[in-house]
Amino acid sequence: MANRTEKTAKTVKGTNPQFLVEKIIRQRIYDSMYWKEHCFALTAELVVDKGMDLRYIGGIYAGNIKPTPFLCLALKMLQIQPDKDIVLEFIQQEEFKYIRALGAMYLRLTFDSTEIYKYLEPLYNDFRKLRFMNKMGRFEAIYMDDFIDNLLREDRYCDIQLPRLQRRWALEEVDMLPPYKSLLDGDLVAMSESDEEEEEETKKEKPRLTSRRRSRSRDREREVGDRREVREREKMRERRERGDDEPGPSSSGKDRDERRKDRDRSRERDRRDRKDDERRDRKKESSSRRGADNDEEREIAEANALRAKLGLAPLER
């Protein structure tokens, strides 16, 4: 008698509500200690108290033998078939997350497709953590939006074969559902606009870099020419002080050697100055490139994090 469906319960999907759970899973729930101790003579009001005590969700574990309390309470709700207002209150309340998950599972099993999309899609904005027990009896961390997404996309979840769900685009074509609008649409549009602005700025900055390089090379040539003039003036002053403006035949060879040495020294100095300037410019260009690469990697990481929340594939680098 304790395992029979309420006499006032209506058929769901053309069958007994309890038959939505497979027979072998249903029999294991009936044989579990939690069902015998805590689910006997439960009403819709008492299910709320039991749902407040839930600490994790899941299906069958320990070698497909033991059912979780979450699965037992889901079957109990199918057995007593609470009112629609009670189920919606389970989902709309925000204090107890496991009661919300229990109400979402029952709604996915018993309601029609339009109501499922209508009441479950707003729960995508709930990002609270849930503890999920896998078949090995170990806990895994999932989020409420992942749980809702699995209910809407998977054919089997928590060891229950979910009823067939109509495609959303098919319901939109017959005007049974409005187009889906996500809260992240505004953020995605803002990110795309910022990316386009940054690309335009980088395109505009490229010719500026070339003009800067040209101006730098011109400045170097001017500096080198000024240095040469200064050195030649200093040499002329030294010669005048020595009185070597009119060199004799014996001193002409020495003067030529000194001039050659001075020219070689000035050329070596010019080469060193050019090399130092080129090294400085290379360091500046490499630092600017590294900064641009770091900014691109940050933008790609932020976009991938956002796409991961939406269930999209990451961007390629």
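The values are calculated or read from the model by the stated rules, or taken from the named source; none is laboratory data. All figures in this text were calculated on a predicted structure; none of them were measured in a lab. Note: ideal-geometry Cβ built from the backbone for every residue, glycine included; neighbour counts use all protein chains shown. The accessibility values were calculated without ligands, DNA or RNA, using every heavy atom of the protein model including side chains. Shrake-Rupley method; radii C 1.70, N 1.55, O 1.52, S 1.80 Å.
Some points to look at:
- Considering (1) assigned to a helix (DSSP H, G or I); (2) more than 21 Å from Ile29 (Cβ to Cβ); (3) open to solvent by 20 Å² or more (accessible area, probe 1.4 Å), the lone condition that Leu171 does not fulfil carries the number (3).
- Selection count where residues are surrounded by fewer than 18 Cβ atoms within 10 Å (Cβ to Cβ) and assigned to a loop (DSSP other than H, G, I, E, B), scope region 26-41: 2
- Taken over region 56-71, the criterion of being crowded, with 19+ Cβ neighbours inside 10 Å and either part of a helix (DSSP H, G or I) or within 33 Å of the chain's Cα centre (by Cα) (or both) is satisfied by Ile57, Gly58, Gly59, Ile60, Thr68, Pro69, Phe70, Leu71.
- Any hit, region 124-140, residues being in a helix (DSSP H, G or I), modelled with pLDDT under 95, touching a helix residue (DSSP H, G or I) at 6+ places or on another chain (Cβ under 9 Å) and under 19 Å from Val87 (Cβ atoms): yes
- Residue satisfying condition, being more than 48 Å from the chain's Cα centre (by Cα), surrounded by 10 or more Cβ atoms within 10 Å (Cβ to Cβ) and at pLDDT below 80, within set Glu258, Glu268: Glu258
- Being of a type in the set (A, V, I, L, M, F, W, C), modelled with pLDDT under 80 and touching a helix residue (DSSP H, G or I) at 6+ places or on another chain (Cβ under 9 Å) is not true of Ala303.
- Selection status of Leu165, open to solvent by less than 50 Å² (accessible area, probe 1.4 Å) and assigned to a loop (DSSP other than H, G, I, E, B): yes
- The single condition from (1) open to solvent by 20 Å² or more (accessible area, probe 1.4 Å); (2) among the aliphatic types (A, V, I, L, M); (3) not assigned by the TED database to the domain that holds Leu123 that Val12 fails is (1).
- Scanning region 138-162 for residues that are of a type outside the set (S, T, N, Q), under 21 Å from the mean Cα position of the chain (by Cα), over 14 Å from Tyr117 (Cβ atoms) and surrounded by 11 or more Cβ atoms within 10 Å (Cβ to Cβ) yields Glu140, Ile142, Tyr143, Met144, Asp145, Asp146, Phe147.
Every residue, every condition in (1) of a type in the set (Lys, Arg); (2) open to solvent by less than 70 Å² (accessible area, probe 1.4 Å); (3) in a helix (DSSP H, G or I); (4) at positive phi, yes or no:
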position: Ile24; (1), (2), (3), (4): no, no, yes, no
position: Val48; (1), (2), (3), (4): no, yes, yes, no
position: Leu54; (1), (2), (3), (4): no, yes, no, no
position: Met77; (1), (2), (3), (4): no, yes, yes, no
position: Glu94; (1), (2), (3), (4): no, no, no, no
position: Tyr98; (1), (2), (3), (4): no, yes, yes, no
position: Tyr106; (1), (2), (3), (4): no, yes, yes, no
